[in-house]
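Please read the structure below before turning to the comments.
Here, each number is a calculation from the coordinates, and none is a lab measurement. All values reported here derive from a predicted model rather than from experimental measurement. Neighbour counts run over all protein chains shown; Cβ positions are idealised from the backbone, glycine included.
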Amino acid sequence: MKLENILKDIGLNPKESQIYLALVELGAAPVSKIAEQAKINRVTAYSILEKLIERGMANSVTQNKIRIFSATNPKVISHELKRKASDFQKALPAFRRLGGEVNLPHVKYYEGLEGIKSIYAKTLESKTEILNYANSKEIREAWPEYDEQYVEERVKRKIMLRGIAPLDKYGKEVQAKDKENHREIRLVSAKKFTFTNEINIWDDKVAIISFKDQPAIGVIIESMEIANTQRDIFKMAWEYAKK
């Protein structure tokens with residue numbers, strides 16, 4: 001892809017793109033050299049440089065009464081664009097509410113062991129760490145090949161998991177293998193907290209799975225607001241749980 005087209009995609013017009021590329025090539029230069037390099041007249045070049053400075057894409061210093069311009073590092077611009085895109089993404093629910101749109105979460109239901117396995121397969125697409133409440137015994141009794149079929153694949157994909165589980169024989173055994181399995185498990189009193197289902201939080205999704213029901217059942221709720229709230233609740237429980 002041409003650099004001019006990339007710059008156009010982030011909002012620069014052709015002349016602004018020419019000036020920015022000239023800045024990158026020259027490194028630091030007075031407006032006369034920049035205008036010559038970009039093949040744009042000096043007055044127009046100066047005006048464009050001021051606009052680029054306002055947008056954070058150029059900088060200037062005065063040396064010996066001559067103003068010298070330089071391009072903002074493309075890496076810095078890339079980071080700033082990502083930050084703005086992330087802020088806009090987070091604000092989408094507010095924009096929807098402002099427009100009167102009701103943002104209903106997407107919920108999908110699963111049943112049986114094969115259905116539950118497909119929920120876990122979804123977590124393997126995660127771009128974030130997985131946060132997890134689990135009963136180490138329940139899942140391995142319902143799915144004996146869990147460690148070989150799921151945990152090993154998660155490790156292979158280098159997806160980190162932080163989990164909270166009951167402090168019992170099974171929880172201790174799982175915790176003992178944390179390092180090799182790319183996870184950190186903290187344990188809570190099995191007498192006070194008897195988890196019989198499992199909750200997984202990743203990206204903009206929350207999965208709730210019950211192995212006690214026969215057949216086993218599960219749901220995935222797709223909602224950034226719900227996922228973020230569940231992350232905050234997990235963080236609170238994480239501080240309480242024992243290392």
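What list do you get for Thr123, Thr62, Thr196 if you sort them by fewest beta carbons within 10 Å?
The fewest-first ordering by Cβ neighbours comes to Thr62, Thr196, Thr123.
May I ask for the percentage of alpha-carbon pairs in the stretch 3-72 that lie more than 15 Å from each other?
In whole percent, the share of Cα-Cα pairs in the stretch 3-72 beyond 15 Å is 44.
Which entry is the computed mean projected area of the Cα convex hull in nm² for this structure: (1) 15.5; (2) 11.8; (3) 19.6?
(3)
Pairs Lys108/Lys158; Lys108/Lys156; Lys127/Lys179; Lys177/Lys235: which exceed 24 Å Cα-Cα?
Pairs exceeding 24 Å: Lys108/Lys158; Lys108/Lys156.
Peptides 188-195, 110-117: what's the order by average Cβ count within 10 Å, highest mean first?
So the peptides 188-195, 110-117, ranked by packing, come out 110-117, 188-195.
Below 8 Å, C-alpha to C-alpha, sequence gap of six or more: please give me the relative contact order for the stretch 3-72 in percent.
After rounding, I find 31 percent.
Rounded, prolate or oblate for the stretch 124-235? Axes are the square roots of the Cα gyration tensor eigenvalues, ordered a ≥ b ≥ c, and the cut-off for rounded is a/c under 1.5.
rounded
What is the chain's relative contact order, in percent, from Cα pairs under 8 angstrom and six or more apart in sequence?
Relative contact order, the chain: 16 percent.
Report the one residue of Thr72, Ile201, Ala241 whose Cα lies farthest in the direction of the positive end of the charge dipole of the chain (charges on C-beta: Lys and Arg +1, Asp and Glu -1; origin at the Cα centre).
Thr72
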